[in-house]
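Where a number appears in this text, it was derived from the coordinates with a stated rule and is not lab data. All of these numbers come straight from a predicted model, not from anything done at the bench. In this analysis, Cβ positions are derived from the backbone assuming ideal geometry, glycine residues included, and neighbour counts consider all displayed protein chains.
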Amino acid sequence: MERYPLCDNFGPTRDMKQTMSATPLQLRKYHELDGRTFLVGVGANKCATSWVYSYLKSLSGVTVSPLKELHFFDANFHSTADKMDLFAVKRLAFHFKQDGDVVDNLRNRASFQASLDRVKMIYDDNGYFDHFARICTPQTRTLCDITPAYSAIGLSGFQYMRDFFASQNVSLKILFIMRDPVDRLWSHLRYRAH
């Protein structure tokens, strides 16, 4: 019996047998994250997730990923998994094409470093905690991953997320961001029109 039951539309889309059989207890322990809170923001498009991201980024004691949307969990539990991983590679390629010395850019641009971290997550689940351990400071109390698409990972995805975070000495909080559906629809239509 599989540990994470699959439902019709949401389930492992790439070779998740290895990830599922590798229980979260087999992940490396990240002591630099001990006692911290992980706030994972989920929701829908056009629900002010960019505003929430910017607001959280402005708070002392809060460290958000330089990439607003990491797409780690949905890359494992959603039908768009391959697209999310390809997007991660394309985002990294974008940084290589920027003006200036590539090595200097990597050293000095947080989003470049985070894009490299995200590509590592394609083949190593420890990459997720590696990323946050790298950006965590002594003043950090809360770490944030704001990826609205996580709302589509289904029950098996949220069960995996719970167990994944339980492998560390951290507290997981889920922030579900929603908006009046009609207002959201109009906002989305205006966005698509521009």
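Taking 0.36 nm per residue of separation and subtracting the Cα-Cα distance, full extension of the segment from Thr142 to Arg28 would add 39.0 nm.
Once you charge only the Cβ atoms, +1 for Lys and Arg and -1 for Asp and Glu, what is the size of the charge dipole of the chain about its Cα centre, to the nearest 20 debye? Let's see the in-between values first.
Details: 25 positive and 20 negative charges, 85 e Å.
Roughly 400 debye for the chain.
Quick one: length gained pulling Ala193 to Arg179 fully straight, 0.36 nm per residue minus the C-alpha distance? Could the numbers behind the result be given before it?
Numbers: separation 14, 0.36 × 14 = 5.04 nm, distance 2.00 nm.
That works out to 3.0 nm of additional length.
Over the range 70-194, Cα pairs under 8 Å with separation of 6+ residues give a relative contact order of 29 percent. Annotation: average projected area of the chain is 12.3 square nanometres, based on the convex hull of Cα atoms across all directions.
The residue among Ser54, Ala44, His95 whose Cα reaches farthest toward the positive pole of the charge dipole of the range 36-99, with charges on the beta-carbon of Lys, Arg, Asp and Glu, is Ser54. Positive end of the charge dipole of the range 148-194 (Lys, Arg +1 and Asp, Glu -1 on Cβ, about the Cα centre): tell me which of Gly154, Leu175, His194 has its Cα farthest that way. Going by the Cα projections, it comes out as His194.
Report the full-extension gain for the segment Asp82 to Tyr55: residue separation times 0.36 nm, less the Cα-Cα distance, to one decimal in nm. Write down the numbers at each step before the final one.
Working: separation 27, 0.36 × 27 = 9.72 nm, distance 3.04 nm.
Working it through step by step, the gained length comes to 6.7 nm.
Restricting to DSSP H runs of at least four residues, report the calculated mean residue ellipticity at 222 nm for the chain, -39500 (n - 2.57) per run over all residues, nearest 500 deg cm²/dmol.
Working: 9 runs with 93 residues, N = 194.
It comes out at -14000 deg cm²/dmol, rounded to the nearest 500.
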